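Asker: Below is one structure. I have some questions about it.
The values are calculated or read from the model by the stated rules, or taken from the named source; none is laboratory data. The model shown is predicted, which means the values in this text are computed figures rather than measured ones. Glycine gets a Cβ as well: all are built from the backbone with ideal geometry, and neighbour counts include every protein chain shown. The area values use the complete protein model at the heavy-atom level, side chains included, leaving out ligands, DNA and RNA. Shrake-Rupley method; radii C 1.70, N 1.55, O 1.52, S 1.80 Å.
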Amino acid sequence: MNKYRTMKKYIMLVIISLSFTVIHSQNSTDAMRLSQTDQNGTARFRAMSGAFGALGGDFSSITVNPAGSAIFMNNQLGFTLSNFNIKNRSNYFGNSTSDKSNAIDINQAGVVFVFIDPNPKNNWKKITFAINYENNKNLKNASFSSGINPNNSIDNYFLSYANANAQQYGIPLGILENNNFEDLNYEDRQAFLGYKGSIINPDQINPSNSKYVSNIPTGGNYSQKNYLESTGYNGKLSFNLATQFKDKLYFGLNVNSHFTDYTQSTSFYETNNNSSNSGVKKLQFNNDLHTFGTGFSFQLGTIVKITKEFRAGLAYESSTWFKLNDELSQNLISTGFNYGNPPDPNLSTTASPGSNIIMVFQPYTLKTPGKWTGSLAYVFGKRGLISVDYALKNYSATKFTPKNEFQTANTEISNSLTTSGELRIGGEYKIKQWSLRAGFRNEQSPYKDGKTIGDLTGYSGGLGYNFGATKLDLAYATAHRSSQQSYFSQGFTDGATIKSRNNNITLTLLFEL
């Protein structure tokens, strides 16, 4: 039987791909997941939109400027509980859908010890040591988009791999058996999935042509749906050392340990009603990605009291060097009618390459961009304050290594990403034991086109009550931005425009020790 000229009346293919050591096709989306951080932290920090670079005296201020711990006057212990809510509105070829996710997390915990020199003649007034944990980015998310694509099918995704391989290596997918699956690299596996899933087939009309053709009927108007659900976090544990010189200068150092654990599941569906008695009529393509690893960074900072009321701060955060691991499983199910030349409705075939296999990729490293933050603050005695931070981060400096294996990804990052500025403004006003707070935040797009991920605008507010040795703070923050989500990295790059709104309620409890 000629396997190139036969096919099932109804095709049902299940492919689960797992145990393998090759480099995955990374891109700027993967890099941004670890390069960007949320505005998390204590409730006071959140209520003032993180404008703490020249203020200090707050656990989360240490994450902006490590000199901030030297502002503390006594030992403190703090815990923060946050509710994260994100709502995504998607638009795909004019059709609007929405989805949302919700999570509760202890996103901050810290302790600071203050050692004051009792000798008034010593210019070095105090030394502080702090340990602080924060969830830099909560990765729980969910989105759903659907619509009628007038032109493009997912077959272009599999064809882009199959035809590139056929031209470069002449790999004959038809002679490979299922047990060869784990011997293939990532690119060849995508082509093999498409072939064994009956999405693509060698050109039968022109047998001498080494290219592959689609088994999905032409004519457009493909009904497509895409589900995305993710969980995980990017955590940072900071070990801080700071000191105060006289009453004007504060210096600090952070050594940071990073850890990340991210799981993303996507399901893409496509159906067509194009008039044909052959070819694939519907399919489902699932991808489950697990990324985990650890990293290291450091921070340096200083705060200067220019006058009793006026302060300035400058801080540098180094790149974070992550060592990461990826595991990927894929599942493809397609249903269709016999194809061939001519179609034979009496013949059918079922294939399932690979069984209980997980792609375990080679460990790799990611260097995220460093960041500079300049800050100004004015303190109105014990009545209140106003503070402004401005930070710069060059996202195009993000790099995967080994460089020779990630040349394409690094080129794409360099060409598509740019330097992003972030403005944070916060204020506080005190009425006896009460503190009223508000803030504004604007972060520029990290992409040159300004559309892949758009600008972020956020507002915040909150209040606090001082019981004496105990403080309780509450904050609400909201932020919105738009993005364009491409479903796949090559071949079929259509995707939805997503408008996201993040709402956050934060509660912090502080104790003086």
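Asker: Tabulate in residue order the Karplus-calculated ³J(HN,Hα) for region 301-317, using 6.51 cos²θ - 1.76 cosθ + 1.60 with θ = phi - 60°, rounded to whole Hz; enter x for Gly and Pro.
Answerer: x, 9, 10, 10, 8, 5, 10, 4, 9, 9, 10, 9, x, 9, 9, 10, 10
Asker: Oh, and also: Tell me, what is the percent relative contact order of region 239-284, built from C-alpha pairs under 8 Å that lie six or more residues apart?
Answerer: Relative contact order of region 239-284: 25 percent.
Asker: With angles folded into 0 to 90 degrees, how steeply does helix 155-168 sit against the dominant principal axis of the chain? Use alpha carbons for both and round to 10.
Answerer: 80
Asker: May I ask you to derive the FRET efficiency for Gln484 and Phe511 from their Cβ-Cβ distance with R0 = 35 Å, giving the value to the nearest 0.05? Could you put the intermediate results ahead of the total?
Answerer: Working: r = 46 Å, r/R0 = 1.30.
Once rounded, the FRET efficiency stands at 0.15.
Asker: Please check which bits of region 388-408 a label hung off Lys323 would reach, taking the label as a point 7 Å along Cα-to-C-beta and the cut-off as backbone N under 20 Å.
Answerer: 399-406
Asker: Another question about this same structure. Return the calculated 222 nm mean residue ellipticity for the chain, to the nearest 500 deg cm²/dmol, obtained by summing -39500 (n - 2.57) across DSSP H runs with n ≥ 4 and dividing by the residue count.
Answerer: After summing the helix terms and dividing by residue count, I get -3000 deg cm²/dmol.
Asker: For a Förster distance of 41 Å, can you work out the FRET efficiency between the beta-carbons of Lys308 and Thr419, rounded to the nearest 0.05? Intermediate results must be reported in sequence, preceding the final value.
Answerer: On the way: r = 35 Å, r/R0 = 0.86.
E between Lys308 and Thr419, to the nearest 0.05, is 0.70.
Asker: Under the definition of Cα pairs under 8 Å and six or more residues apart, what whole-number percent is the relative contact order of region 220-262?
Answerer: Relative contact order here is 43 percent.
Asker: Can you tell me the 0 to 90 degree angle between the C-alpha axis of helix 186-196 and the longest principal axis of the chain, rounded to 10?
Answerer: 40
Asker: Using protein chains only and a probe of 1.4 angstrom, how many square angstrom of Met73 are accessible, to the nearest 10?
Answerer: Surface accessible to solvent at Met73 totals approximately 130 Å².
Asker: Between beta-carbons, use under 14 Å as the cut-off and find the net charge around Thr493, counting Lys and Arg +1, Asp and Glu -1.
Answerer: Net local charge, Thr493 excluded: -3.
Asker: Between 0 and 90 degrees, rounded to the nearest ten: what's the tilt of helix 407-416 against the longest Cα principal axis of the chain?
Answerer: Approximately 60 degrees, to the nearest 10.
Asker: So how far apart, in nm, are the two label points at Phe239 and Thr411 if each is 7 Å from Cα heading toward Cβ?
Answerer: Result for the modelled spin labels: 4.2 nm.
Asker: With the contact rule set at Cα under 8 Å and sequence spacing of 6 or more, what percent relative contact order holds for region 377-513?
Answerer: Computed over region 377-513, the figure is 16 percent.
Asker: Can you tell me the Rg and Dmax of the chain, counting just the alpha carbons, in angstroms?
Answerer: Every Cα atom of the chain included, Rg and Dmax give 27.4, 98 Å.
Asker: Which of the trypsin sites (Lys or Arg not before Pro) found in region 408-497 are loop residues per DSSP with 14 or fewer other Cβ atoms within 10 Å of their Cβ?
Answerer: Lys432, Lys448, Lys451
Asker: Same structure, new question: Using the structure shown, select from Lys87/Lys367; Lys137/Lys399; Lys225/Lys393; Lys196/Lys448 the pairs with a Cα to Cα distance greater than 28 angstrom.
Answerer: Lys87/Lys367; Lys225/Lys393; Lys196/Lys448
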